[in-house]
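Accompanying notes for the structure given below.
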Amino acid sequence: MNRLLRSLCLVLAAFGAAVPVLGAAPVTFSEHIAPIIFKSCSGCHRAGEAAPFTLENYRDIAKRGEQIAKVTASRQMPPWHATSGDFAFENDRRLNPAQIELLAKWVREGMAEGDATKLPPLPRFTAGWQLGQPDLVVKMRKPHAIPAEGRDQYRLFTLPLNLAEDRWVKAIEFRPSAPRVVHHSLFYYDSTGMAKGMDGVAGQIGFRGMLRNQNGVGPLGGWAVGATPRTLPEGMAYRVPRGSDLVLSTHFHPTGKAESEQSTVGIYFAKEAPRSVFTALQLPPAFGALSAVDIPAGADKYTVTDTFEMPVAVEAFGISGHMHYIGRTLEMTATLPDGTVRKLVGIDHWDFSWQEQYDFQKFVSLPQGTRLSVKLTWDNSAANPRNPSHPPRRVRWGPQSEDEMGAITLMVKVKDRDDQATLEKSQQDHARQVLKSSATRAAAGGGGQLVAGLLRANDRNRDGKLARDEAPGWLTPLFARLDSNRDGVLDGSELEAGRNRWLTPGNPPPSAP
Ligand code: HEC
C-alpha cells in the first residue's frame, strides 16, 4: 500500500472512522495522538477544570502514557456511562476502537513525539459563560468548606432569585469556584420557602437531606463534571414561579486538599412563554419510593421493573438514570405499537459519581400506545466494590446515599399540547397502580413496611405522621380522603387503612377527585 493511502487511513482513524490501523505506520504524538487527546480529553484535563491533572502537551501525555492506554482500553475514560441504544446521543464522548488501538500502539512503540510542526493547536476553550452573558447571575452567599479527606458530601444551598413575576427559564449555567471538588449539582426551584427555612440552621451555609417533592417545588435540570451547558430544545422552558428560590443540590468529592466552594449560577430567560410544554416521565415513579425497594444483604441481582403505556403521542429529547451506591444496571426500552422494540438507554455499569443526562440528537417519536419498560438491578453482595457496607446489610428505599433509590427519567413533550393533561393524569394513575401492587407484595410478605417506608421518607419532623406539607406530590389529591379523623395529618393507622382499602378485591385504587 502506498504512503499516501496509508496516511489517509490514519487520518481517517484519527477522525473517528473505524479504519484498521496499519501495522507498519509509525504512530507519533504530533500527528496521531494529539488530535485524539485534544479533542476527547483536554476539555476536562486542563487548568481550572474537574480532572486531577492536565493533558495538554507531549510531556503531560507521555508521562501518563501507560495509564492512558489502560483507562481508554477499559473505557473508564473518557467518562461515558450510557451504552449504545438505538438513538444517537448529543456530545457522545466515547472513543472508537481505532482510536483506542492507536493510543495503545503509540505506547507500545515507545511514544514517539514526531514532527512538532504537525502538532495541531489546542482547541480554543471558551472562557467564562459558555452560553453568553446570562440574564441573571446569582451566587452562594458564602463559601462552603470541604475537608481534604473523608466521605463524599451532599449539601443543598438556597439562592434567592427575587423574581417579581413568574418567569420562563430556558437554560441554567453552573460555575463551580472549586471545580475539582464539585462532582455534580442538581437544580430545583422552591416557591414554598422550605429550603430557605432549613438553610444555615446548623451554623454553616446550606443544609443536608433532600428537597421534598411537593407542590411549589420543581426540578430545573443539573450539571455534572464535564457537561456542556445546554439550552432546552426550541420552544421549551421551565416555569419558575415568582418569589422562588433556586436550590442547588451539590455532590462534593474530597480531593486530598481542603477546598472551599462558592458556586455561581447564570440564568437565561425565555423572552416569551414557550410554545410546547414538557414532562419528566419517571419510571418507576418517585425514584422508586412506591416500589417497596427492599434489598436483602448479599443479593447480587435485586431487580425492579416498571412499565407504562403512553396514553398520547410524545417526543422524547433527554434521558437520565438515578440510583445510589449499589445500583448496578439501568435500562429503558420502548415497544412501539407495531411491536418493534427500541432501546432508549442502557447503563451497564452504574457509577454513582456520574449523574448525567443524555440528550438525544434528534427527537425520538413515541406514538400513543408505546409501552415503556424499565429494568433496574442492584448488587448488594460483598463482591461489589462499591458496596459501602462490609458485610452487606439489608438496604431499603430512602433519601440517604446509603439507602437506595432508582429510576429512569425520560424528558418528553406531548405532540399535541391539548394532550398534556391526559399525560399528567395517567402518570398519577400509574403512581397509584405501582403503589397498589407493591402494597400487595408488602402485605403478602407480612405488611407494615410500605407505610413505614412512606413515613421514613417523608416525615421530616419525625412525629410519626404526615402533615400536608410533608406529603409527597402524588399523595396530595388523596390527602383529605385518607385523613378520616380530620385532624389535618395522616397517622400510621390512617395510612394503613388507605392501603388496606385499595387491597380489598373490587376496590379500585382511589383516583384524584
Ligand atoms: C468529562 C470530563 C473528562 C474527560 C472528557 C476525560 N476525563 Fe479523565 N478524568 C476526569 C476526572 C474527573 C477524573 C478523576 C477521576 C474520576 O472522578 O473519575 C479523571 C481521571 C483520569 C485518569 C486517572 C484515572 C485513575 O484511575 O486514577 C486518567 C488516566 C484519565 N482521566 C485520562 C483521560 C483520557 C486519556 C481522556 C481522553 C481520552 C480523559 N481522561 C477524558 C474527567 C475527564
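The values are calculated or read from the model by the stated rules, or taken from the named source; none is laboratory data. None of the values given here were measured: they were computed from a predicted structure. As a convention, Cβ positions derive from the backbone with ideal geometry for all residues, glycine included, and neighbour counts pool all protein chains shown.
Across the stretch 75-100, the qualifying residues are those that are in a helix (DSSP H, G or I) and of a type outside the set (S, T, N, Q), and the one among them that is nearest to Leu410 (Cα to Cα) is Pro97.
I'm checking my understanding of the structure. Among residues of the stretch 41-74 that are part of a loop (DSSP other than H, G, I, E, B) and touching a Leu at 6+ places or on another chain (Cβ under 8 Å), which one is farthest from Glu109 (Cα to Cα)?
First, pick out the residues of the stretch 41-74 that are part of a loop (DSSP other than H, G, I, E, B): 41-57, 64, 74.
Filter again for touching a Leu at 6+ places or on another chain (Cβ under 8 Å), leaving 41-42, 45-46, 56, 64.
Details: Cys41: 21, Ser42: 23, His45: 24, Arg46: 26, Glu56: 21, Arg64: 15 Å.
Here the answer is Arg46.
The residues of the stretch 29-52 that are in contact (Cβ under 8 Å) with a residue 60 or more places away in the chain, within 21 Å of Thr117 (Cα to Cα) and either within 9 Å of the ligand (Cβ to nearest atom) or of a type in the set (A, V, I, L, M) (or both), listed by number, are Ile33, Ala34, Ile36, Lys39, Ser42.
One line per residue, one yes/no per condition, for (1) within 16 Å of the ligand (Cβ to nearest atom); (2) under 25 Å from His322 (Cα atoms); (3) small (Gly, Ala, Ser); (4) in the same structural domain as Leu232 (by TED's automatic domain parsing):
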residue: Leu163; (1), (2), (3), (4): no, no, no, yes
residue: Asp166; (1), (2), (3), (4): no, no, no, yes
residue: Lys170; (1), (2), (3), (4): no, yes, no, yes
residue: Asp190; (1), (2), (3), (4): no, yes, no, yes
residue: Gly193; (1), (2), (3), (4): no, no, yes, yes
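Do we have any residue at all in the stretch 115-128 that's within 30 Å of Lys343 (Cα to Cα) and either within 11 Å of the ligand (Cβ to nearest atom) or at pLDDT below 95 (or both)? No; the residues of the stretch 115-128 include none that is within 30 Å of Lys343 (Cα to Cα) and either within 11 Å of the ligand (Cβ to nearest atom) or at pLDDT below 95 (or both). Restricting to the stretch 240-265, name every residue that is over 20 Å from the mean Cα position of the chain (by Cα) and away from the ligand (no atom under 16 Å from the Cβ). Correct list: Val240, Pro241, Arg242, Gly243, Ser244, Asp245, Ala258, Ser260, Gln262, Thr264. Note on the stretch 395-442: residues that are modelled with pLDDT under 90, surrounded by fewer than 18 Cβ atoms within 10 Å (Cβ to Cβ) and of a type in the set (Gly, Ala, Ser) amount to 3. Looking only at the stretch 56-83, residues that are under 29 Å from the mean Cα position of the chain (by Cα) and near the ligand (Cβ under 6 Å from one of its atoms) come to 7 in all.
This table checks each residue for (1) farther than 16 Å from Met310 by Cβ; (2) among the hydrophobic types (A, V, I, L, M, F, W, C); (3) assigned to a strand (DSSP E or B).
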residue	(1), (2), (3)
Arg396	yes, no, yes
Thr409	no, no, yes
Lys413	no, no, yes
Asp418	no, no, no
Leu423	no, yes, no
Gln428	no, no, no
Arg432	yes, no, no
Leu435	yes, yes, no
Ser438	yes, no, no
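Among the residues of the stretch 305-351, the ones that are modelled with pLDDT of 95 or more, over 17 Å from Thr370 (Cβ atoms) and charged (D, E, K, R) come to 1 in all. Just one of the listed residues (Pro337, Pro392, Pro388) is more than 16 Å from the ligand (Cβ to nearest atom) and exposed (fewer than 15 other Cβ atoms within 10 Å of the Cβ), namely Pro337.
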